[in-house]
1. When the chain is fully extended, how far beyond the present Cα-Cα distance does D307 get from E187, taking 0.36 nm per residue of separation?
2. Give, in nm to one decimal, the length gained when the segment between I350 and D145 is fully stretched (0.36 nm per residue of separation minus the Cα-Cα distance).
3. Using amide H atoms built 1.01 Å from N in the peptide plane, name the residues 5+ places from R267, or on other chains, whose amide H lies under 5 Å from its own.
4. Which angle from 0 to 90°, rounded to the nearest 10, does the C-alpha axis of helix 338-354 make with the longest principal axis of the chain?
5. Keeping all protein chains in place and using 1.4 angstrom, which order do E292, E340, E245 fall into by accessible surface area, from largest down?
6. With just the Cα atoms defining each centre, how far is segment 246-304 from segment 152-197? Give it in Å.
7. Within segment 157-182, which residues have the backbone N less than 15 Å from the label spot 7 Å out from E292 along Cα→beta-carbon, could you tell me?
8. From the phi of every residue in segment 278-286, what ³J(HN,Hα) in whole Hz does the Karplus formula 6.51 cos²θ - 1.76 cosθ + 1.60 yield, where θ is phi - 60° and glycine or proline is x?
Amino acid sequence: MRDVLDQLEGWWKNGDSVALATVVGTYSSAPRQPGASMLVGPGGEAVGSVSGGCVEGAVYELGQQVLADGRPILQRYGVSDDDAFAVGLTCGGIIDIFVEKVDRASFEQLGAVADAVRSGSPVAVATVVAGPAERLGKRLVIWPDRSEGGTGSERLDDAVRDDARGLLDAGRNAMLHYGVDGQRRGEGLDVFVESFAPPPRMIVFGAIDFAAAVAKIGSFLGYRVTVCDARPVFATASRFPGANEVVVEWPHRYLKAEAEAGRIDGRTALCVLTHDPKFDVPLLEVALRLPEVGYIGAMGSRRTHEDRIARLREAGVTDEEIARMSSPIGLDLGARTPEETAVSIAAEMIALHWGGKGTRLAEREGPIHATD
């Protein structure tokens, strides 16, 4: 919903009714991830995408139907044996799409959700997408310290509230399954939770030309990017237009302060590009001992890497802690330029996050995307 939120809120503020189609489940090579959304506006407008073009026509018709009768629908799309190009996914995947009517009466909290998303405050929207007809479309909006709305069952509200806050901490969307009254081991009712967490952080240490390219690609991937260096002559905003902020501070001091302030979590990526032991060894001592961090990569040649490992061991960093570090940083793409190196670093981060192998798809067989 994030990609279409501005348009959705605009119609909502005008008192219009809109059909909101959301991907709530994917299987195999589905083209879009859960949370991808499409709107059918009050004047027949189509905004957003749920499949990159495969089933938009069919979803558009469902949206018009939902606008007319007000009844939400959970629809599954897969490969159509008769006419895959008309209503099926030509990629061979399967997606579940929930289509609902949104207006001021059905989604009273939309304005508050939009405000939270724009301000970077965490909020989750939990919607009943399968179960008894009278419960479909009911929703609970959850902030870290409060909630609004309801699913029609206090017991279910309590269970969803707890589970949604866990998903919100991790920045994940997910389908949750319960009994009709919130039984955690039950069946018969599904709730889709869409988490609007603040963007994950990428901290790039070392104000060098490679850092500018890494900051740019980090921003492209959706990270909030900070560049940190102790040298004020190099750490300037004009040199790093792709960064959200540039900080002049000793890297290890900055990281320690950010961790103590609770601003480092399991989604944070740390890219150590200084390849200077007086900067990167104290920094990595802090980084490798953090309880939660998504990625730690350090740039340097094989010789720099070996020297770095020896210095870290002398400082008391264990082999288990050192194993958390990607060094030399990046995948073997044959990169030479700062831009190519940034792509190799981003590729490694993506591969580690999703469990990819970094091999050529043309040399593999079977599904493109890993299945659970």
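1. Values: separation 120, 0.36 × 120 = 43.20 nm, distance 5.61 nm.
So the chain would gain 37.6 nm between D307 and E187.
2. Numbers: separation 205, 0.36 × 205 = 73.80 nm, distance 3.18 nm.
Separation in residues times 0.36 nm, less the Cα-Cα distance, equals 70.6 nm.
3. Amide H neighbours of R267, under 5 Å, 5+ apart: G294.
4. Between the helix axis and the principal axis of the chain, the angle is about 50 degrees.
5. E292, E340, E245
6. With segment 246-304 and segment 152-197 each reduced to a Cα centre, they are spaced 35 Å.
7. 163-173
8. Working through the residues one at a time gives 5, 9, 7, 5, x, 5, 5, 4, 6 Hz.
The values are calculated or read from the model by the stated rules, or taken from the named source; none is laboratory data. Owing to the predicted nature of the structure, the values given are computational and were not obtained by experimental measurement. So basically every Cβ, Gly included, is an ideal-geometry build from the backbone, and we count neighbours across all protein chains shown. Note: accessible area is taken over every heavy atom of the protein model, side chains too, but ligands, DNA and RNA are not part of it. Shrake-Rupley method; radii C 1.70, N 1.55, O 1.52, S 1.80 Å.
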